[in-house]
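The values are calculated or read from the model by the stated rules, or taken from the named source; none is laboratory data. If you're wondering where the values come from, they're calculated on a predicted model, not measured in any experiment. Here the Cβ positions follow ideal geometry from the backbone for every residue, glycine too, while neighbour counts run over all protein chains shown. Ligands, DNA and RNA are excluded from the accessible area calculation, which covers all protein heavy atoms including side chains. Shrake-Rupley method; radii C 1.70, N 1.55, O 1.52, S 1.80 Å.
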Amino acid sequence: MRLHADRFWFNTLGYILVGLFALVCLLPFWLVITGSFMTQESITLHGYTFWPSEWSLGAYKLLGETSAGFIRAYGITIVVTAIGTTVGLLVTTMTAYVLNCKDFRQRNYVAFYFYFTTLFSGGLVPWYIMMVKYLHMKNSILALILPPMLSVFYILIMRSFIAAIPEAIRESATVDGAGDFTIFTRLILPLLKPALATIGLFIALHYWNDWFNTMMFIDNEKIYNLQYYLYQVLSKMEFLNQAAAQAGIATTANMPSDAYKMAMTLVTTGPILLLYPFVQRYFVQGITVGAVKG
Amino acid sequence: MNTMNKGFWWELKKHKIKLLMLLPAVIYFFVFNYLPMAGIIIAFKRYDYVGGIFGSPWVGFENFRYFIESGQLWHITKNTVLYNLVFLLVNNLLEIVMAILLAEMAGKYIRKFLQSAIFLPYFISWVVVSAFVYNVFNYEYGSLNSLLASFGMDSVDVYSKPTAWVFILIFFSAWKTVGYGTVFYLAAIMGIDSETYEAAEMDGANIFQRVRHITLPALIPTAVILLMLSLGGIVKGDFQMFYQIVGDNGLVYNTTDVIDTFVVRSMLTIQEFGMPAAAGLYQSVVSLILIVTVNYLVRKAEKDLALF
């Protein structure tokens, strides 16, 4: 098709405006990357800049030397994400499946039981007291695994994914005498692979980026997760000095502590940036399904 | 249906596997959502750790009285509502513009690249955003001041300027959510019947006219309904964003404190539970009233778009 003048101008406008916004979106990442390669000297002298006057690996070297706590935090996040996502995804899908069974007449009441929690909540204080005083979650890794596990929103999105599966498939299996759990595991789950990937990724992202639950419930440095560890590095100067002392490194004025903050930020986000090109389409799909549902 | 009169036990037996499959989620929401709802009575008590939720002494409306008389109620409600209104307007406007421009974009690869770029911030944790804030605005080493210095201008100490944070918050809210919302509006544009466009093109309408007379009118009702539905959440501040961007900087609480940051701060630093519980209950009740009202109005206007 020939490109008309109006189309040309509209597209040019699009490239400029969207391009500018995209630039703004990417710029902070660039600043973190360059910041992580600067020497403490040049940061003290010029501050963080768009292009370092000299490139240095000092911050990454320091990161390697003080990595014990950081690697443990990485491990905590990986374990919590893996367990939480697996269990959360299974329960979400199971629940969504039952909410779709037309022969289960009470399903709308059950759906409302879940839905109501999005309309009204007791607020943070009773929740916190419940977690700490009655469930004894203080300094327990369960405090990191349980709160992000289920979300009504994901159950509802999963329900619309399942609703797209022809009812006839389930009916014919029921006639053949298959029970609900068999139908769920043998018939429905295999058909749901893209949906499982979508919702699973949403849940996993939530776990990966969580720091709030650590702040609320964890005092023990040994079970800090990755984001909270980064938060400590960013907000407390002593935190790096402590880690250095534990690794047997003398704290000096030249220690690249400000580049270290940026290097730490980058390694924390690294896995997400690397996976992003491959997983993005699943998120787009999830949002689109949510959009259609309204 | 003859199942109607077969009774409760028959139903229970028939659906026992289904009920078992529902059980984990039912228990989960009972423990983490419904039990804390019962705990809101703490808003009417003076909390002590030993007594817990049920054993602490009643104080009537004391917590609410203190919350109102300290001036906090009005102050944080105003901040929360104003921020949310601005976020809603700015973000939705940007999202609609981005979605329309992207939908019409000719180059397939550049479109994919640009869309990926603006969607990327959605995947980043707020802690990482706080590293960005530190990198850019930090007084001594921030890249903003580096840039100003290279032009021979004076450094700015953003941390002591309350109004600056209003714009920083608006900026990062857009930065983080516009990509997500754009996907939403793109889906709505894809839902427009392509025949309408073809017919318009046949009649000689140019692209600006098509956007003006077909795309926008198709998106505006969706946008209005979306905005209305978001009104239910207008008294809820995004704690993670406010806390990570502003931090514990008491100098700027006047312009940056929202209900949620106030609640967490009172709880974790002052170890006071009664007043923040009262603030939380106030927030939940106002929010519920708003949701129900708005939903009633949406239902009247466009039944399919109502939430319930």
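Of the residues B:L12, B:L73, which single one is free of Cβ contacts under 8 Å to residues at least 24 places away in the same chain and not aromatic (F, W, Y)? Full working, then the answer.
On the way: B:L73 fails: free of Cβ contacts under 8 Å to residues at least 24 places away in the same chain.
Among B:L12, B:L73, only B:L12 is free of Cβ contacts under 8 Å to residues at least 24 places away in the same chain and not aromatic (F, W, Y).
Just name the residue that is nearest to the other protein chains (Cβ to nearest Cβ) out of those in the range B:191-206 that are of a type outside the set (A, V, I, L, M) and open to solvent by 70 Å² or more (accessible area, probe 1.4 Å).
Looking only at the range B:191-206, we keep the residues that are of a type outside the set (A, V, I, L, M), and these are B:191, B:193-198, B:201, B:203-204, B:206.
Now drop any that are not open to solvent by 70 Å² or more (accessible area, probe 1.4 Å), which leaves B:193, B:195, B:198, B:201, B:203.
Working: B:D193: 15, B:E195: 17, B:E198: 12, B:E201: 10, B:D203: 14 Å.
Among those that are of a type outside the set (A, V, I, L, M) and open to solvent by 70 Å² or more (accessible area, probe 1.4 Å), it is B:E201.
Please go through the range B:106-116 and give me each residue that is free of Cβ contacts under 8 Å to residues at least 24 places away in the same chain, in a helix (DSSP H, G or I) and facing chain A (nearest Cβ under 10 Å), ordered by number. Let's see the steps before the verdict.
Applying the first criterion (free of Cβ contacts under 8 Å to residues at least 24 places away in the same chain) to the range B:106-116 yields B:106-114, B:116.
Next, only the ones that are in a helix (DSSP H, G or I) stay: B:108-114, B:116.
Listed by number, the residues that qualify are B:I110, B:R111, B:K112, B:F113, B:L114, B:S116.
When both residues are 6+ apart or on different chains and their Cβ atoms are under 7 Å apart, which pairs have a first residue that lies in the range A:41-60 and is within 11 Å of chain B (Cβ to nearest Cβ) and more than 17 Å from B:V156 (Cα to Cα), and a second that is among the polar types (S, T, N, Q) and open to solvent by 70 Å² or more (accessible area, probe 1.4 Å)?
Between residues of the range A:41-60 that are within 11 Å of chain B (Cβ to nearest Cβ) and more than 17 Å from B:V156 (Cα to Cα) and residues that are among the polar types (S, T, N, Q) and open to solvent by 70 Å² or more (accessible area, probe 1.4 Å), the close pairs are A:S42/A:S53.
Can we say A:F50 is within 29 Å of B:G179 (Cβ to Cβ) and open to solvent by less than 60 Å² (accessible area, probe 1.4 Å)? Spell out how you get there, then give the answer.
Numbers: within 29 Å of B:G179 (Cβ to Cβ): yes; open to solvent by less than 60 Å² (accessible area, probe 1.4 Å): no.
Considered against the rule, which asks whether it is within 29 Å of B:G179 (Cβ to Cβ) and open to solvent by less than 60 Å² (accessible area, probe 1.4 Å), A:F50 comes out as no.
Just to check your reading of the model, which residue among A:V267, A:V284 is of a type in the set (A, V, I, L, M, F, W, C), at the interface with chain B (Cβ under 9 Å from one of its Cβ atoms) and in a helix (DSSP H, G or I)? It would help to see each step written out before you state the result.
Values: A:V267 fails: at the interface with chain B (Cβ under 9 Å from one of its Cβ atoms).
Only one candidate qualifies: A:V284.
In the range B:207-248, which helices (runs of 4 or more DSSP H) lie fully inside it and hold 3 or more residues that are modelled with pLDDT of 90 or more and open to solvent by less than 20 Å² (accessible area, probe 1.4 Å)?
Values: elements: B:207-210, B:216-230, B:239-246.
Correct list: B:239-246.
Given the residues B:E302, B:E272, which is the only one that is more than 7 Å from chain A (Cβ to nearest Cβ), within 18 Å of B:D48 (Cα to Cα) and over 18 Å from the mean Cα position of the chain (by Cα)? Can you show your working first?
Numbers: B:E302 fails: within 18 Å of B:D48 (Cα to Cα).
Going through B:E302, B:E272 in turn, the sole match is B:E272.
Let's see how each residue does on (1) at the interface with another protein chain (Cβ under 8 Å from one of its Cβ atoms); (2) of a type in the set (A, V, I, L, M, F, W, C); (3) under 16 Å from A:H206 (Cα atoms):
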| position | (1), (2), (3) |
| --- | --- |
| A:V87 | no, yes, yes |
| A:C101 | yes, yes, no |
| A:T118 | no, no, no |
| A:N139 | no, no, no |
| A:E167 | no, no, no |
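Is there any pair with a first residue in the range B:25-46 that is facing chain A (nearest Cβ under 7 Å) and a second that is in a helix (DSSP H, G or I) and of a type in the set (S, T, N, Q) whose Cβ atoms are under 6 Å apart and which are 6 or more apart or on different chains, and what are they?
Filtered contacts from the range B:25-46: B:A25/A:T95; B:F29/A:T117; B:N33/A:T117.
What residue, of A:I33, A:I16, is part of a helix (DSSP H, G or I), more than 8 Å from every other protein chain (Cβ to nearest Cβ), closer than 21 Å to B:E140 by Cβ and modelled with pLDDT of 95 or more? It would help to see each step written out before you state the result.
On the way: A:I16 fails: closer than 21 Å to B:E140 by Cβ.
Exactly one of A:I33, A:I16 is part of a helix (DSSP H, G or I), more than 8 Å from every other protein chain (Cβ to nearest Cβ), closer than 21 Å to B:E140 by Cβ and modelled with pLDDT of 95 or more, namely A:I33.
Pick out, from the range A:116-214, the helices (runs of 4 or more DSSP H) lying fully within it that include 1 or more residues that are over 23 Å from B:D260 (Cα atoms).
On the way: elements: A:124-129, A:142-145, A:152-163, A:167-175, A:193-208.
Ranges flagged: A:142-145, A:152-163, A:167-175, A:193-208.
Return the residues of the range B:1-24 that are at the interface with chain A (Cβ under 7 Å from one of its Cβ atoms) and open to solvent by less than 30 Å² (accessible area, probe 1.4 Å); say none if nothing qualifies. Show your work before the answer.
Taking the range B:1-24 first, the residues at the interface with chain A (Cβ under 7 Å from one of its Cβ atoms) are B:15, B:17-18, B:21-22, B:24.
Scanning the range B:1-24 gives B:H15, B:K18, B:M21, B:L22.
Based on this model, can you work out whether A:F120 counts as in contact with a Ser or Thr (Cβ under 8 Å, 6 or more places away or on another chain) and either surrounded by fewer than 20 Cβ atoms within 10 Å (Cβ to Cβ) or basic (K, R) (or both)?
Details: in contact with a Ser or Thr (Cβ under 8 Å, 6 or more places away or on another chain): yes; either surrounded by fewer than 20 Cβ atoms within 10 Å (Cβ to Cβ) or basic (K, R) (or both): yes.
For A:F120, the condition - in contact with a Ser or Thr (Cβ under 8 Å, 6 or more places away or on another chain) and either surrounded by fewer than 20 Cβ atoms within 10 Å (Cβ to Cβ) or basic (K, R) (or both) - is met.
Mind listing just one residue for me: the one in the range B:47-66 that is more than 30 Å from A:A111 (Cα to Cα) and buried (at least 17 other Cβ atoms within 10 Å of the Cβ) and, of those, nearest to the other protein chains (Cβ to nearest Cβ)?
Once the filter is applied, the top-ranked residue is B:Y47.
All but one of (1) within 11 Å of chain B (Cβ to nearest Cβ); (2) surrounded by fewer than 22 Cβ atoms within 10 Å (Cβ to Cβ) hold for A:G200; state the number of the condition that does not hold.
Checking A:G200 against (1) within 11 Å of chain B (Cβ to nearest Cβ); (2) surrounded by fewer than 22 Cβ atoms within 10 Å (Cβ to Cβ), the one that fails is (1).
Would you call A:Y115 aromatic (F, W, Y) and either within 30 Å of B:K14 (Cβ to Cβ) or surrounded by 18 or more Cβ atoms within 10 Å (Cβ to Cβ) (or both)? Don't jump to the end; show me each part of the working.
On the way: aromatic (F, W, Y): yes; either within 30 Å of B:K14 (Cβ to Cβ) or surrounded by 18 or more Cβ atoms within 10 Å (Cβ to Cβ) (or both): yes.
Answer is yes for this residue.
Could you check the range A:235-255 and list, in sequence order, the residues that are touching a residue at least 12 places away in the same chain (Cβ under 8 Å), open to solvent by 20 Å² or more (accessible area, probe 1.4 Å) and either of a type outside the set (S, T, N, Q) or under 19 Å from A:G47 (Cβ atoms) (or both)?
As a first pass, look at the range A:235-255 and keep what is touching a residue at least 12 places away in the same chain (Cβ under 8 Å): A:237, A:240, A:243-244, A:246-247, A:249, A:253-255.
Imposing the further condition that a residue be open to solvent by 20 Å² or more (accessible area, probe 1.4 Å) reduces the set to A:237, A:246-247, A:249, A:253-254.
Within the range A:235-255, A:M237, A:A247, A:I249, A:A253, A:N254 meet the criteria.
I'm trying to understand the selection: among the residues of the range A:175-196, which are under 30 Å from the mean Cα position of the chain (by Cα) and either more than 15 Å from A:M94 (Cα to Cα) or crowded, with 20+ Cβ neighbours inside 10 Å (or both)?
A:F184, A:I188, A:L192, A:P194, A:A195
Examine the range A:133-155 for a residue that is at positive phi and either open to solvent by 30 Å² or more (accessible area, probe 1.4 Å) or among the aromatic types (F, W, Y) (or both), and state whether such a residue exists. Show your work before the answer.
In the first step, residues of the range A:133-155 are kept if they are at positive phi; the result is A:136, A:139.
Cutting the leftovers down to either open to solvent by 30 Å² or more (accessible area, probe 1.4 Å) or among the aromatic types (F, W, Y) (or both) gives us A:136, A:139.
Looking through the range A:133-155, at least one residue is at positive phi and either open to solvent by 30 Å² or more (accessible area, probe 1.4 Å) or among the aromatic types (F, W, Y) (or both).
Filter the range A:44-64 down to the residues that are part of a helix (DSSP H, G or I) and modelled with pLDDT of 90 or more and list them by number.
In the first step, residues of the range A:44-64 are kept if they are part of a helix (DSSP H, G or I); the result is A:44-46, A:58-64.
Matches in the range A:44-64: A:G58, A:A59, A:Y60, A:K61, A:L62, A:L63, A:G64.
Given the conditions (1) farther than 13 Å from B:G274 by Cβ; (2) open to solvent by less than 30 Å² (accessible area, probe 1.4 Å); (3) not assigned by TED's automatic domain parsing to the domain that holds B:Y185, report the number of the one that B:A43 does not fulfil.
(1)
Residues are listed down the side, and each one gets a yes or a no for (1) in a helix (DSSP H, G or I); (2) in contact (Cβ under 8 Å) with a residue 60 or more places away in the chain; (3) touching a strand residue (DSSP E or B) at 6+ places or on another chain (Cβ under 7 Å):
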{"residue": "B:Y253", "(1), (2), (3)": "yes, no, no"}
{"residue": "B:M267", "(1), (2), (3)": "yes, no, no"}
{"residue": "B:Q271", "(1), (2), (3)": "no, no, no"}
{"residue": "B:P276", "(1), (2), (3)": "yes, no, no"}
{"residue": "B:A279", "(1), (2), (3)": "yes, yes, no"}
{"residue": "B:S284", "(1), (2), (3)": "yes, yes, no"}
{"residue": "B:I289", "(1), (2), (3)": "yes, no, no"}
{"residue": "B:V294", "(1), (2), (3)": "yes, yes, no"}
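Please state which of the following conditions B:N254 fails to meet, knowing it meets all the rest: (1) within 15 Å of B:W165 (Cα to Cα); (2) touching a Pro at 6+ places or on another chain (Cβ under 7 Å); (3) open to solvent by less than 60 Å² (accessible area, probe 1.4 Å).
For B:N254, the failing item is (3).
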